[in-house]
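The values are calculated or read from the model by the stated rules, or taken from the named source; none is laboratory data. These figures come from a predicted structure and were not determined experimentally. Every residue, glycine among them, receives a Cβ derived from its backbone with ideal geometry; neighbour counts consider all protein chains shown.
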Amino acid sequence: MSKKVISILLSAAMIVAMLCVGVGAVTASADDTYTYYFLAADNFFKPEAGASNESVGVYWWQPSEVAPWPGIEMTAAPEIGENVFKIEGVSPDTTTVIFNAFVDAGNPADPALAAVAHQTVNINTEGYDEDCPYDASVNTDNFNGWIYVLNRNDITVNEFSGAQTTGGAWFTIDNYKNNEQYYGSYGFADDKKDDTDSEPADTTSKKYHAGDTVTVTVEFGDLKIDGAAAKLGAYNYNVNYNADVLKYVSGADQTTGGMPLANAATAGVVKIGTMAALGLNEDFSGAKAPAYELTFEVTADTDDLGITGECTSLTGMTQDGSSTKTLVGVNNPDDPYSDLVVDVTCPHEDESSEPEPSSEPESSKPAESSKPAESSKPAESSKTESTKTSSTASKATNDKASSKSTTSGKTTSTANTATATPVTTAGTFAVVSLIVILMAAAAVVLYTRKKTEE
């Protein structure tokens, strides 16, 4: 009798253990998801750097949309590094992601929101790309566990949403800081040196400083129609700038015709002019003279303001106003008529103007109360730097960005939690179950033997 009971209990224990191991194997397979990391720029999530919130988002739409644009919020990953965020639980079937500042500018876009709705280009997650700058010897079928690093010099303004769109590349976690074009473009302090023997960072080495005033002047001149002196009828001109270090302040027309700003709210470009009417009627046949003036404020120390200009259309008018001629346009893009003049005024106090320390003995110095008032210090020097550049430089474009990255107006969603759920170890449960059953079997045997003896 006892042997039969033990046999039944052992069989049951084996079946339970096999079922638990099988369930555990199925559960582990279902949890086969990917983790991606993203090195966010300061203006993606730091309000002091111009961000509208402290979040970083990620969006994808296959195999199903994770959430309406801008997607879901990522998790900070300081264990990896400064400004690093992560997203876990991504399906291997997801082939494209977009990291962003977690801002929906709307459709049509709100200019104020568009100015802070930073995002990446559409990012491939399907594995090795020969155009990426990482070590070619590190091959991969996917970027699971890799980090996407921006190229802060590869920024364009999306023509639909007005958002700054930035390119970048994938790197391994142990190698992402070793590329000057990508990691170096963030302007982080050099954290690869030993802090014990490194010198303090030189904060005065940048060419331009936060608080500087930048004046950008569009000039026209030498306008002629068939060799005869001509007037300025109308024009369109784009002034591009680095919105990470410059903030647009104001614009002022220098003509009497009232040339308007077509777009001053979109970060990264100010568009001047309209071809709706030929109303300027001012003589620009001589030396180049101001037509429009823009003012910017430097918001962060930098060596590059990123200012370029492009005249996209220019119409000349005869002196008597009887006829007009397109001098710059699609069919004649050459532009010898305009210049872009950049003046930088630095209000920082000139250290050389500080009075030399007194060499008098301490006892002969004036009493503290007799020191000059603060207002009597030498006036702050106004160092001005002026540069003139040709306005024929074309505005940068990024063919990699697709219209999918601008779908901020989506309203549908197939809820996708995109977070990896911890799996209970089935093997442990099976072992515990087996022990409990064996203990029960032993108790039955002892009980049966006792009854037999009685």
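Observations on the model:
- Cβ-Cβ under 6 Å pairs, at least 6 apart or on other chains, the range 173-200 side of a type in the set (A, V, I, L, M, F, W, C), far side modelled with pLDDT of 90 or more: Ile173/Ile147
- Residue among Ser198, Ser161 that alone is among the polar types (S, T, N, Q), buried (at least 21 other Cβ atoms within 10 Å of the Cβ) and modelled with pLDDT under 90: Ser161
- Taking the listed residues Thr295, Thr326, the one that is surrounded by fewer than 20 Cβ atoms within 10 Å (Cβ to Cβ), closer than 14 Å to Val214 by Cα and hydroxyl-bearing (Ser, Thr, Tyr) is Thr295, with no other qualifying.
- Residue selected from the range 297-345 under the condition of a type in the set (Ser, Thr, Tyr) and out of contact with any strand residue (DSSP E or B) (no Cβ under 7 Å at 6 or more places or on another chain), by the criterion nearest to Thr156 (Cα to Cα): Ser323
- When Leu232, Leu294 are screened for being in contact (Cβ under 8 Å) with a residue 24 or more places away in the chain, of a type in the set (A, V, I, L, M) and within 28 Å of Asn158 (Cβ to Cβ), only Leu294 passes.
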